[in-house]
Amino acid sequence: MKRATFLLAMFAGSVWAAGGSKKQAPTPPPPPPRSHWDVKGVVLGSPYDAFTQQVQGELECNAVTTGSDFDIGVDKHCHVKGERKCNTIGNQQFCHDTEKIDTFAGVEAYITYGLHDGVVWTINLSGIRPPAFDIVESTMETKYGKPVLSRTDIQNKMGAHFEQAIALWNGLDHIVYEKYTERLDYPSKLTFYSADAWAKRESLVDSKRAAAKQDM
């Protein structure tokens, strides 16, 4: 009888221990490493030697001395050369290399690479018309994920209404896609910023805001 009581007590204790102890939650898998975004193989943050291997075609680069890109640290603009065109004036022939017309998300665009100290700092896609915004933005989602998307109503001088849209992707790098810029008939603005370029841009915006607050 004593032995049966002892075994029953042992069994009860085992059940209590099994039921009373909390199961250890499985360790969640580590988040996937964040990587720099690229545009058609050209990776933000790449040094110049890697950049020249990533880009498809012969580059033409020019120094940047003014403008918004210069303000955030871009010191050189590069683009891929397109067709060489020549004009004859009198007995002289003048030739120049055009900028390559590329494509992005299925639409035509000009791609300009902004460099800072030999590093790919920004990638700007120009020439995309505003009506293409929705199809380009949705296509971008398949590669860069869903953006923070805002839509607002704007008017022109004649009182006509248009839908402004701005898409913002935030990751290791940043992307800003603005449907309409300062004029409704201008192309959209689509810019990829490296993490360092974005930090410089935000610092500049904060400085302008602080200066505006004091100008009252």
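The values are calculated or read from the model by the stated rules, or taken from the named source; none is laboratory data. Keep in mind the model is a prediction, meaning the values are calculated, not measured. When we count neighbours, we look across all protein chains shown, and the Cβ atoms used for this are built from the backbone with ideal geometry, even at glycine.
Is one or more of the residues making up the range 148-161 over 19 Å from residue 125 (Cα atoms) and either among the acidic types (Asp, Glu) or surrounded by 15 or more Cβ atoms within 10 Å (Cβ to Cβ) (or both)?
Checked against the condition, which is being over 19 Å from residue 125 (Cα atoms) and either among the acidic types (Asp, Glu) or surrounded by 15 or more Cβ atoms within 10 Å (Cβ to Cβ) (or both), the range 148-161 yields at least one hit.
Condition first: crowded, with 18+ Cβ neighbours inside 10 Å and either touching a His at 6+ places or on another chain (Cβ under 7 Å) or hydroxyl-bearing (Ser, Thr, Tyr) (or both). Now tell me which residues in the range 88-111 satisfy that.
Within the range 88-111, 110, 111 meet the criteria.
Just the residues that are assigned to a strand (DSSP E or B) and more than 15 Å from residue 126 (Cβ to Cβ), please, taken from the range 58-84.
59, 60, 61, 62, 63, 76, 81, 83, 84 - these are the residues of the range 58-84 that are assigned to a strand (DSSP E or B) and more than 15 Å from residue 126 (Cβ to Cβ).
Could you check how many residues of the range 85-111 are among the hydroxyl-bearing types (Ser, Thr, Tyr) and within 30 Å of residue 142 (Cα to Cα)?
Residues that pass the stated criteria total 2.
Here is a check on your reading of the model: is residue 49 within 18 Å of the chain's Cα centre (by Cα), of a type in the set (Asp, Glu) and not in a strand (DSSP E or B)?
Values: within 18 Å of the chain's Cα centre (by Cα): no; of a type in the set (Asp, Glu): yes; not in a strand (DSSP E or B): yes.
No: the conditions fail for residue 49.
Mind listing whichever residues of the range 73-87 are surrounded by 13 or more Cβ atoms within 10 Å (Cβ to Cβ) and farther than 18 Å from residue 111 by Cβ?
If the condition is that a residue be surrounded by 13 or more Cβ atoms within 10 Å (Cβ to Cβ) and farther than 18 Å from residue 111 by Cβ, then 73, 75 are the ones that fit.
For the range 111-216, please list each of the strands (runs of 3 or more DSSP E) lying entirely inside it that holds at least 3 residues being without any contact (Cβ under 8 Å) to a residue 24 or more places away in the chain and out of contact with any Pro (no Cβ under 7 Å at 6 or more places or on another chain).
On the way: elements: 119-126, 148-155, 161-170, 174-178, 189-193.
Ranges flagged: 148-155, 161-170.
Examine the range 85-101 for a residue that is in a strand (DSSP E or B), closer than 25 Å to residue 196 by Cβ, in contact with an Asp or Glu (Cβ under 9 Å, 6 or more places away or on another chain) and in contact (Cβ under 8 Å) with a residue 12 or more places away in the chain, and state whether such a residue exists.
The initial filter retains those residues of the range 85-101 that are in a strand (DSSP E or B), namely 85-89, 92-99.
Retained after the next criterion (residues that are closer than 25 Å to residue 196 by Cβ): none.
The answer is no, given that none of the residues of the range 85-101 is in a strand (DSSP E or B), closer than 25 Å to residue 196 by Cβ, in contact with an Asp or Glu (Cβ under 9 Å, 6 or more places away or on another chain) and in contact (Cβ under 8 Å) with a residue 12 or more places away in the chain.
Name the residue that is nearest to residue 105 (Cα to Cα), counting only residues in the range 28-63 that are of a type in the set (S, T, N, Q) and at pLDDT 95 or above. Give the steps one after another, and end with the answer.
The first filter runs over the range 28-63 and keeps only residues of a type in the set (S, T, N, Q), leaving 35, 46, 52-54, 56, 62.
Filter once more, so that each one left must be at pLDDT 95 or above: 46, 52-54, 62.
Numbers: 46: 22, 52: 22, 53: 22, 54: 19, 62: 27 Å.
Going through the qualifying residues, I end up with 54.
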